[in-house]
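J.: One structure is given below, represented as structure tokens, and several questions about it will come after.
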Amino acid sequence: MANSAQARKRARQAIVRRDHNMSQRSELRTAIKNVRKAILAGDKAAAQAVFVQAQATIDSIADKNIIHKNKAARHKSRLSGAIKAMGLAA
């Protein structure tokens, strides 16, 4: 347990930051999941619309350093590729 007032405060702040970051990470996962659902549904227009929203969420969370920028780019690239592949299959 923290002994100094400074250490106690840092422990409190860490809990608040952790909760906030977990919420942000959950928002990211939900955005990605929504795009994947739209892709599985087979509606390319809907998938693209959801992807635009997900891109904004992914970039926002990467800007806050909750995930690495390369991880954000990887997610966007794979989702974009999956949407493009829908057009080829249809």
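J.: Full extension from Asn65 to Ser26: what is 0.36 nm times the residue separation minus their Cα-Cα distance, to one decimal in nm?
T.: Values: separation 39, 0.36 × 39 = 14.04 nm, distance 1.45 nm.
Separation in residues times 0.36 nm, less the Cα-Cα distance, equals 12.6 nm.
J.: To continue, here is another question. Arrange Arg18, Arg36 by Cβ neighbour counts within 10 Å, fewest through most, would you?
T.: Listing Arg18, Arg36 from fewest to most nearby Cβ atoms yields Arg18, Arg36.
J.: For the chain, evaluate the Debye formula with one uniform point scatterer on each Cα (no solvent term) and list log10 I(q)/I(0) at q = 0.11, 0.15, 0.19, 0.20 Å⁻¹, rounded to two decimals.
T.: Each listed q maps to, in turn, -0.42, -0.62, -0.83, -0.88.
J.: What 222 nm value per residue comes from the helices of the chain, counting each DSSP H run with n ≥ 4 as -39,500 (n - 2.57) and dividing by all residues, nearest 500 deg cm²/dmol?
T.: On the way: 3 runs with 78 residues, N = 90.
Estimated from H runs of four or more residues: -31000 deg cm²/dmol.
J.: Then there's this: When a footprinting reagent is the concern and you count Cβ atoms within 10 Å, what order do His75, His68 take, fewest first? If you can, show how the numbers build up before the last one.
T.: Values: His75 20, His68 10.
Ordered by Cβ neighbours within 10 Å, fewest first: His68, His75.
J.: Suppose each label sits 7 Å from its Cα in the direction of the beta carbon; what would the Met1-Ala82 distance come out to in nanometres?
T.: 4.7 nm
J.: So how tilted is helix 44-63 from the main axis of the chain? Cα-based, degrees 0 to 90, rounded to 10.
T.: The angle comes out at about 20 degrees.
J.: Test of understanding: in a Gaussian network model of the chain with alpha carbons linked when under 10 Å, which of Ala62, Ala11, Ala54 would top the mean-square fluctuation ranking?
T.: Of Ala62, Ala11, Ala54, the Gaussian network model singles out Ala11 as fluctuating most.
J.: Give me the one-decimal nm value for the distance between modelled label points at Lys33 and Ala46, 7 Å along each residue's Cα-to-Cβ direction.
T.: Placing both labels 7 Å along Cα→Cβ, they lie 1.7 nm apart.
J.: Fewest first, what order do Met86, Met1, Met22 take by the number of other Cβ atoms within 10 Å?
T.: Numbers: Met86 16, Met1 5, Met22 11.
By the 10 Å Cβ count, ascending, the order reads Met1, Met22, Met86.
Only the coordinates and a few stated rules stand behind these numbers; no lab work does. The structure presented is a predicted model; accordingly, all values stated were derived computationally and were not measured. Cβ sites come from the backbone with ideal geometry, for glycine too, and all protein chains shown count toward neighbours.
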